[in-house]
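Engineer: Mind looking over this structure? Questions follow.
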Amino acid sequence: MVVITGHTLTFEEIKRVLYKDEIVVVSKESMKLVEKARAAVEDIVNKRKVVYGITTGFGKFSDVLIHQNDVTKLQQNLILSHACGVGKPFSEIVSRAMLLLRANALLKGYSGVRPIVIERLVELMNNNIHPIIPQQGSLGASGDLAPMAHLALVLIGQGDVYYQGEKMTANMALSKAKISPITLEAKEGLALINGTQAMTAVGVIGFLEAEQIALCSEITASLTMQGLQGIIDAFDEDVHKARGYPEQIEVARRMRAYLKNSKLVTSQGELRVQDAYSLRCIPQVHGATWQALNYIKQKLEIEVNAATDNPLIFDHGKVISGGNFHGQPIALALDFMKVAMAELANISERRIERLVNPQLNNLPPFLSSEPGLQSGAMIMQYCAASLVSENKTLAHPASVDSIPSSANQEDHVSMGTIAARHAYDIIQNVRRVLAIECICALQAVEYRGVGKMSPVTREFYNKAREVVPTITEDRIFSKDIEAMNQWLTTFDWDKEIKPLI
């Protein structure tokens, strides 16, 4: 059970809700703050005060006063008109994360919704009712309006959902789960859609995968080091302490642990004086990616517990219209994640080239069992190169772009959701590049002698060979790449590798 308070949600709790379907419970203490803010909203409506989004229209219509009898209709119209997302829907796991993050944000008590709104969001999660939310259409300020509107539709019994693995109307799913739709009242439609929960949900899920991929990239690189008889001296602790970056030092430490007692690595001067950068600079390059990931995690941890609504309601009925919905902090962080993760694929592809190019090693050309008759891993490198090139286009920062909207009232936007979506695409490409490196490295160490491998990598080798068998002749390598990619997706580094080092 995960108790949400609006202030304390952690990545570990998010993982449990998303991947283990753990039940979510709302903090009673936090709900008291929600009730207090709601009383302030009702006071505004009853006294006919002029407050943005409660008794006025939205965006450029902020100067249009709304009659007291139309306040409820205003909120429904907002959800219907803003639900104009397009394109493929987000995955169910993203939709589930959006529900969790929005419920947590509303629970902070700054948004002025009734408790039932939060309770319904939690009921959707606990009953595995996941709104179908198109991926495209958000500018990332006033938050993720279009995606969040599609989420909010479900609360009023409209839109479509996935329920128990089946696509159906929201009204049908609510009926099956015995949940009643609600009528949104003053401020509630705005409170549901004003926020960064789409970009943040994709960012958190992407980060969790990126973190695992970064760890897998090191154990894969250690296989390559042995397949290419790399020089272990480059990972000497003194070298990395001399520069001082903690992440670089830690990558070097893990590489030494992975390669401990290997008879396939060499010392400087034994076969060659220096390795190419893609081997020698693994701690520096991978370590820099870890620096970026640490920064990104810090920003996401703040955002999952942030009030990103507008206006915000404070003690004594103070209501302030601000800009916490602006996604710039997350847009920049996720653009950074794009670049940082793309680099893991860039350096991996260069190691693949060294594994398959007979001019750069003393292995069979393209690791082929019968060079010429059998092409071996030749086209695997092509595939990796294609993915790396695609990443370079996806890595262009989304946050440097802005197009004014709402008749120039909203004249600077973050494009943070585009950054999030592209970051996630890059992460999928990176894993596939690493899958190709892993397949090639497994083949290379077989030529060198599996019995000479380090104990840690030998353990990894044995498990990997259950996924992708030894290449004895050409076959449909696409299947091997996807099998390895899927295995790396589920590979538990903490369970499988960490105890060994």
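Engineer: With a ≥ b ≥ c taken as the square roots of the eigenvalues of the C-alpha gyration tensor of the range 68-131, please select rounded if a/c is under 1.5 and otherwise prolate if a/b is larger than b/c or oblate if it is not? Intermediate results must be reported in sequence, preceding the final value.
Structural biologist: Details: a/c = 2.22, a/b = 1.21, b/c = 1.83.
In terms of gyration-tensor shape, oblate.
Engineer: Please pull out the direction-averaged projected area of the range 376-469, using the convex hull of its alpha-carbon atoms, in nm² to one decimal place.
Structural biologist: On the way: hull surface 33.8 nm².
So the mean shadow area of the Cα hull is 8.4 nm².
Engineer: Where both partners of a DSSP beta bridge lie in the chain, what percent of those bridges are antiparallel, to the nearest 5? Can you show the working numbers first?
Structural biologist: On the way: 13 of 19 bridges.
Of all bridge pairs located within the chain, approximately 70 percent are antiparallel.
Engineer: Where the only charges are on Cβ atoms (+1 Lys, Arg; -1 Asp, Glu), what is the dipole of the range 371-501 about its Cα centre, to the nearest 20 debye?
Structural biologist: On the way: 13 positive and 16 negative charges, 107 e Å.
The dipole magnitude comes to about 520 debye.
Engineer: Please state the charge dipole magnitude for the chain, taken about the Cα centre, from unit charges on C-beta atoms (+1 on K and R, -1 on D and E), reported in debye and rounded to the nearest 20.
Structural biologist: Numbers: 51 positive and 54 negative charges, 105 e Å.
Result for the chain is approximately 500 debye, rounded to the nearest 20.
Engineer: Where the only charges are on Cβ atoms (+1 Lys, Arg; -1 Asp, Glu), what is the dipole of the range 2-195 about its Cα centre, to the nearest 20 debye? Present the calculation step by step, with values, prior to reporting the outcome.
Structural biologist: Numbers: 22 positive and 18 negative charges, 43 e Å.
Dipole of the range 2-195, to the nearest 20 debye: 200 debye.
Engineer: Would you kindly derive the ³J(HN,Hα) couplings of the range 325-339 from the backbone phi angles with the Karplus curve 6.51 cos²θ - 1.76 cosθ + 1.60 (θ = phi - 60°), listing them in order in whole Hz, with x for Gly and Pro?
Structural biologist: Couplings: 6, 5, x, 4, x, 7, 4, 5, 4, 6, 4, 4, 5, 4, 5 Hz.
Engineer: What number, in percent, do you get for the relative contact order of the chain if the mean sequence gap of Cα pairs under 8 Å and at least 6 apart is divided by its residue count?
Structural biologist: Numbers: 935 pairs, mean separation 85.3, N = 501.
Computed value for the chain: 17 percent relative contact order.
Engineer: Here is a follow-up. Going toward the positive end of the dipole of the chain, with +1 on Lys and Arg Cβ and -1 on Asp and Glu Cβ, which of SER262, ILE231, THR72 do you reach last?
Structural biologist: Selected residue: THR72.
Engineer: A further question follows. Convex hull over the alpha-carbon atoms of the chain: what's its volume per residue in Å³? Display every interim value, and only then the final one.
Structural biologist: Values: hull volume 75.8 nm³, N = 501.
Expressed per residue, the convex hull around the Cα atoms of the chain is 151 Å³.
Engineer: If you don't mind, there's one more thing I want to ask. Arrange CYS281, CYS440, CYS216 by Cβ neighbour counts within 10 Å, fewest through most, would you?
Structural biologist: Details: CYS281 16, CYS440 29, CYS216 23.
The most exposed by this proxy come first: CYS281, CYS216, CYS440.
Engineer: A further question follows. Work out how far the C-alpha atoms of the range 47-192 reach from end to end along every principal axis, then list the three figures in whole Å, largest first.
Structural biologist: 45, 30, 26
Engineer: Return ASP275, ASP70, ASP474 ranked ascending by Cβ neighbour count within 10 Å, so the fewest neighbours appear first.
Structural biologist: Numbers: ASP275 22, ASP70 12, ASP474 16.
The order, fewest Cβ neighbours first, is ASP70, ASP474, ASP275.
Engineer: Still on this structure, please answer the following. Which order do the peptides 12-21, 287-296, 204-213 take when ranked by the mean count of other beta-carbon atoms within 10 Å per residue, highest first? Show your work: numbers first, answer last.
Structural biologist: Values: 12-21: 15.6, 287-296: 19.1, 204-213: 22.2.
Peptide ranking by packing, descending: 204-213, 287-296, 12-21.
Engineer: Which semi-axes, in whole Å and largest first, does the equivalent ellipsoid of the range 108-178 have when worked out from the alpha carbon gyration tensor as the square roots of 5 times its eigenvalues?
Structural biologist: After scaling each eigenvalue by five and taking roots: 21, 17, 9 Å.
Engineer: Going toward the positive end of the dipole of the range 33-176, with +1 on Lys and Arg Cβ and -1 on Asp and Glu Cβ, which of LEU121, ASN46, ILE156 do you reach last?
Structural biologist: ASN46
Engineer: To check you understand DSSP bridge types, tell me what percent of the beta bridges within the range 2-195 (both residues inside) are antiparallel, rounded to 5.
Structural biologist: The antiparallel fraction comes to roughly 70 percent.
Engineer: Right, here's the next one. What do you get for the angle between helix 378-394 and the principal long axis of the chain? Use alpha-carbon atoms, 0 to 90 degrees, nearest ten.
Structural biologist: Rounded to the nearest ten degrees, it is 30.
Engineer: Can I ask one more? Neighbour counts of other C-beta atoms within 10 Å: give me ILE427, ILE481 arranged from fewest to most.
Structural biologist: Values: ILE427 24, ILE481 20.
Ascending Cβ contact count within 10 Å gives the list ILE481, ILE427.
Engineer: Of VAL413, ALA398, LEU363, which is farthest on the positive side of the dipole of the range 315-428, counting Cα position, with +1 on Lys and Arg Cβ, -1 on Asp and Glu Cβ, and the Cα centre as origin?
Structural biologist: Result: LEU363.
Engineer: For the range 60-204, how many pairs of lysine residues have a Cα-Cα distance under 20 Å, where the two are 8 or more positions apart or belong to different chains? Write down the numbers at each step before the final one.
Structural biologist: Details: LYS60/LYS73; LYS60/LYS187; LYS73/LYS187; LYS88/LYS167; LYS108/LYS187; LYS167/LYS176; LYS167/LYS178.
Lysine pairs, 8 or more places apart or on different chains, close enough: 7.
Engineer: Let me ask another. Add +1 for every Lys or Arg and -1 for every Asp or Glu among the other residues with Cβ under 13 Å from the Cβ of THR289, and state the total. Please report the intermediate quantities before stating the final value.
Structural biologist: Working: positive: LYS297, LYS338; negative: GLU211, GLU218, GLU247, GLU250, GLU343.
Net local charge, THR289 excluded: -3.
Engineer: Find how many whole Å separate the alpha carbon centroid of the range 383-455 from the alpha carbon centroid of the range 181-239.
Structural biologist: Comparing the Cα centres of the range 181-239 and the range 383-455, I get a distance of 11 Å.
Just so you know, all these numbers are worked out from the coordinates, no wet-lab data involved. All figures in this text were calculated on a predicted structure; none of them were measured in a lab. Cβ sites come from the backbone with ideal geometry, for glycine too, and all protein chains shown count toward neighbours.
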